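Each remark here refers to the structure printed beneath this line.
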Amino acid sequence: MPDVATRTFDKAPATVPLMLKAALPALPVVGGLPGVKHASGEAPDLVLRRTGVTTDPAHLERYNQVCGFGSGATLPVTYPHMAAFALHMSLMTDTAFPFAPMGLVHLRNTITQHRPLGIGETFDVAVRAADLRPHPKGRLIDVLTDVTVGEEVVWSEVTTLFARGKGGAPEQTEAPLEGLEAPSGVVQWKLAGNLGRRYGAVSGDRNPIHLYPLTAKAFGFPSNIAHGMWTKAHALAALTNRLPDAYQVDVEFKKPILLPGTVVFGSRSRDGEIDFGVVGARKPVTHMVGRTTAL
């Protein structure tokens with residue numbers, strides 16, 4: 001087997017240059033140039049690490065305000081994704097990664113919190129790609145993230161990305177939330193048109209599809225859309241008092257949420273699990289389904 005290369009960062013890479021780099025493969029002529037064109041092979045043998053990560057309380061407060069979390073002594077379950085996002089972008093913009101980033105769809109996301117992370121704890125983050133596999137309409141690949149304190153893995157994430165293409169085949173394993181329907185609910189979320197810009201400012205994810213109607217229309221959307229990770233975070237903020245210290249939360253993103261808009265959140269508890277979902281308020285369109293499972 002080939003050796004795995006490791007790149008270590010002592011601070012988060014700047015996301016604005018990475019966003020610009022992500023756009024280059026989509027440009028005519030430029031996209032085919034050496035150093036820009038992506039490989040078409042397997043997941044790269046590459047690990048990106050960031051060491052000595054600490055939490056900026058001011059940034060955490062902004063994140064909590066945008067996503068709906070209250071303050072506390074531990075980090076929200078989705079917050080370590082903030083420390084990993086720039087590494088995700090660095091990995092996906094590397095030409096060894098088998099897909100151009102702008103063509104990818106965030107299809108599924110699984111977070112496992114083995115224990116809560118204290119606000120004052122220092123941790124390391126490691127990111128790699130794995131499991132390139134078929135999908136009926138293209139291919140899937142996972143971006144894996146581990147957060148460690150010393151030698152202890154305290155948090156991990158699987159970000160499943162979908163690349164549309166020809167020659168797809170049935171998935172080899174059943175999707176984690178296969179057959180799950182969004183529970184009915186009565187809680188409405190009224191989402192402003194600037195939500196994508198607000199979350200983009202705090203997360204670093206300034207993908208044009210989230211920012212303005214005009215930039216989203218350039219990528220085929222009728223308006224800008226909410227970030228999937230904001231939707232997951234806001235749902236978990238609504239469930240905070242019902243969740244244990246150690247649990248896994250799976251979500252599948254179905255249809256994008258157009259901004260501005262109103263959606264309905266619902267949840268249902270059973271045997272150590274909570275099923276939840278987000279659907280349209282005016283049309284019965286499912287935007288996201290999820291499930292938490294106690295560990």
What list of ³J(HN,Hα) values in whole Hz, one per residue of the range 86-96 in order, does the Karplus curve 6.51 cos²θ - 1.76 cosθ + 1.60 (θ = phi - 60°) give from phi, with Gly and Pro shown as x?
5, 5, 4, 5, 4, 5, 6, 8, 5, 5, 6
Förster radius 30 Å - calculated FRET efficiency between VAL186 and LYS217, Cβ distance, rounded to 0.05
0.35
Gaussian network model of the chain, Cα within-10 Å springs - most flexible of ARG206, ARG164, ARG108:
ARG164
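Run through every distinct alpha carbon pair of the range 1-40 and return the Kirkwood hydrodynamic radius in angstroms, one decimal place.
Over the range 1-40, the inverse of the mean reciprocal pair distance is 12.4 Å.
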Karplus-derived 3J(HN,Hα) from phi for the range 274-281 (6.51 cos²θ - 1.76 cosθ + 1.60, θ = phi - 60°), whole Hz, x at Gly and Pro, runs 10, 8, 8, x, 10, 10, x, 7
Straight-line reach check, LYS283, cutoff 30 Å on alpha carbons, 8 or more apart in-chain or any other chain, hits among lysines -> LYS137, LYS190, LYS217, LYS232, LYS254, LYS255
Taking the Kirkwood radius as the inverse of the mean 1/r across Cα pairs, report the Rg/Rh of the range 83-167.
1.03
Can you tell which of ASN241, PHE162, ILE274 lies farthest toward the positive end of the dipole of the range 160-295, using +1 and -1 charges on the Cβ of basic and acidic side chains (Lys, Arg; Asp, Glu)?
PHE162
Given unit charges at Cβ for Lys, Arg (+) and Asp, Glu (-), the dipole magnitude of the chain about its Cα centre in debye, nearest 20, is 1420
Taking 0.36 nm per intervening residue step and subtracting the Cα-Cα distance, what contour gain separates GLU61 from LYS255 on full extension?
66.9 nm
How big is the Cα convex hull of the chain in projection, averaged over all directions, in nm²?
15.8
What's the magnitude of the charge dipole for the range 81-202 around its Cα centre, counting Lys and Arg as +1 and Asp and Glu as -1 at the beta-carbon? Answer in Debye, nearest 20.
740
Projected label distance in nm at LEU20 and ARG197, using a 7 Å step from Cα toward the beta-carbon:
2.1
What residues from the range 122-159 fall in the zone where the backbone N is under 17 Å from a label point 7 Å along the Cα-to-C-beta line of ASP45?
128-132
Hey, got the dipole for the range 176-295? About the Cα centre, +1 on K and R Cβ, -1 on D and E Cβ, debye to the nearest 20?
620
Using mean Cβ contacts within 10 Å as the protection proxy, how do 141-154, 228-241 order, highest first?
228-241, 141-154
So how far apart, in nm, are the two label points at LEU33 and SER71 if each is 7 Å from Cα heading toward Cβ?
4.9
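No lab work stands behind these numbers, since they all come straight from the coordinates. This is a predicted model, so every value here is computed, not measured. So basically every Cβ, Gly included, is an ideal-geometry build from the backbone, and we count neighbours across all protein chains shown.
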